[in-house]
Amino acid sequence: QVQLVESGGGLVQAGGSLRLSCIVSGRTFRRYVMGWFRQAPGKDREFVTAISLSGGSIYYADSVKGRFTISRENAKNTVYLQMNNLKPEDTAVYYCAADVRAERGLWVADYWGQGTQVTVSS
């Protein structure tokens, strides 16, 4: 099966920045809509952002719009999440996801990374 490995998480002060990376195994990366989800302690997993196969269509959750940027390099089988002006409420485990799509108004995905912890201190 497809494997996804995230990196780049860590501890940062409010207002700071982090860049997450996700490397996807296999030969089918360019066929997948990619995205990021996150899960805070005691909360459900929530959609953060998604990017189409060519990068021509991008979607962001309202909570991160204007602060986070998703991008992809298909030749490297890699998707990125640049996070700027981080807030304490951004603290969560961030998961890379493949085959992201909307079903019945909800964002879902078929393949998931192991997650990387992002902690934003005040």
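Residue count for region 1-34 under the criterion of being farther than 17 Å from residue 70 by Cβ, touching a Leu at 6+ places or on another chain (Cβ under 8 Å) and hydroxyl-bearing (Ser, Thr, Tyr): the result is 1. Taken over region 75-93, residues that are of a type in the set (Val, Ile, Thr) and open to solvent by 60 Å² or more (accessible area, probe 1.4 Å) amount to 0. Can you name every residue in region 41-64 that is assigned to a loop (DSSP other than H, G, I, E, B), open to solvent by 30 Å² or more (accessible area, probe 1.4 Å), in contact with a strand residue (DSSP E or B) (Cβ under 9 Å, 6 or more places away or on another chain) and more than 20 Å from residue 23 (Cβ to Cβ)? Scanning region 41-64 gives 41, 43, 45, 57, 63.
Among the criteria (1) open to solvent by 60 Å² or more (accessible area, probe 1.4 Å); (2) touching a Pro at 6+ places or on another chain (Cβ under 9 Å), the one residue 27 does not fulfil is (2). Scanning region 94-118 for residues that are open to solvent by 50 Å² or more (accessible area, probe 1.4 Å) and touching a Leu at 6+ places or on another chain (Cβ under 9 Å), which turns out farthest from residue 28 (Cα to Cα)? Filtering first and then ranking leaves 117. Only residues that are under 19 Å from residue 109 (Cα atoms) and not in a loop (DSSP other than H, G, I, E, B): list them for region 70-80, please. 70, 71, 72, 74, 78, 79, 80, listed by residue number. Residue 11: in a strand (DSSP E or B), more than 17 Å from residue 114 (Cα to Cα) and open to solvent by 50 Å² or more (accessible area, probe 1.4 Å), yes or no? Yes: the conditions hold for residue 11.
The values are calculated or read from the model by the stated rules, or taken from the named source; none is laboratory data. Computed from a prediction, not measured in an experiment: that's the story for all the values here. Virtual Cβ from ideal backbone geometry, glycine too; neighbours counted across all protein chains shown. To get the accessible areas, we keep the full protein, side chains included, count just its heavy atoms, and leave off ligands, DNA and RNA. Shrake-Rupley method; radii C 1.70, N 1.55, O 1.52, S 1.80 Å.
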